Amino acid sequence: MPLKTAVLISGSGSNLQSIIDRIEQGVLNAQITLVLSNKSNAFGLERASRHGLKNKIIEHASFRSREDFDQAMIKEIRDSGAEAVILAGFMRILTPLFINSFPGRILNIHPALLPSFPGVHGQKQAADYAVKISGCSVHFVDEKMDHGPIIIQAAVPAFAQDDPKSLGSRILALEHRIYPQAIQWLAQDRLRIAGRRVEIQNSPGPLLVGKDKDSAIICPGLEKNF
Ligand code: GAR
């Protein structure tokens, strides 16, 4: 049975697209039961419609408190039948109420090598700091922002001439590969959380991909077709 998921977005939804594509290719055994956006102008809503996916806007600004907003989202997610929640560029802090409603079933992707540069400007902070390596991380969500146990990371080179956009696009290309893979491991029930550690049953060894400026290391590695 495919893993029923709700995908939460706030913007372009390119990660949502990579998940849709992998599902449609028959590589990722998941079903998107709902795409939820807190922004009415999120392009990801258009992507969802194009693929016939149920989508809904719940604007955070129309709620009195974070809890009220989260409660409305919890209801929509539950009504859709989703068993897991995928944060794909969802730019709101979730309350414990939300996190405890889907224990061990919420994933997030962040455009930096956590624990470096958490928050909303991961790519900009990495470029401004002039790091030599940056990347992206998929992790379980806990009560602190961009903090929970890490499932997979990809590292890319960063260059002196990089700006947030050029570094960000190199990172984004890797986000589109590691996120569907992490969701597939969740769908296959191969992830176990032990404190900060995520054990992945039969996880592949580290994988080197690309060449020169487009090279990356992904750990654990990707399985076939990811
Ligand atoms: C992605 O780079 C994602 O990692 C980031 O927002 C972008 C959304 O792009 N998320 C965060 O910064 C979370 N702290 P997308 O809408 O095209 O998927």
Subject >> Residue match in segment 98-112 (condition: over 20 Å from Thr5 (Cβ atoms) and within 16 Å of the ligand (Cβ to nearest atom)) >> reply: yes
Subject >> Matching entry among Ile171, Ile193 (being assigned to a helix (DSSP H, G or I) and either surrounded by fewer than 16 Cβ atoms within 10 Å (Cβ to Cβ) or in contact with a strand residue (DSSP E or B) (Cβ under 8 Å, 6 or more places away or on another chain) (or both)) >> reply: Ile171
**OP:** Determine whether Ser37 is among the hydroxyl-bearing types (Ser, Thr, Tyr), in contact with a helix residue (DSSP H, G or I) (Cβ under 8 Å, 6 or more places away or on another chain), crowded, with 16+ Cβ neighbours inside 10 Å and modelled with pLDDT of 95 or more.
**Re:** yes
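The values are calculated or read from the model by the stated rules, or taken from the named source; none is laboratory data. These numbers come from a predicted model, not from an experiment. All Cβ positions, even for glycine, are placed from backbone atoms using ideal geometry, and neighbour counts span all protein chains on display.
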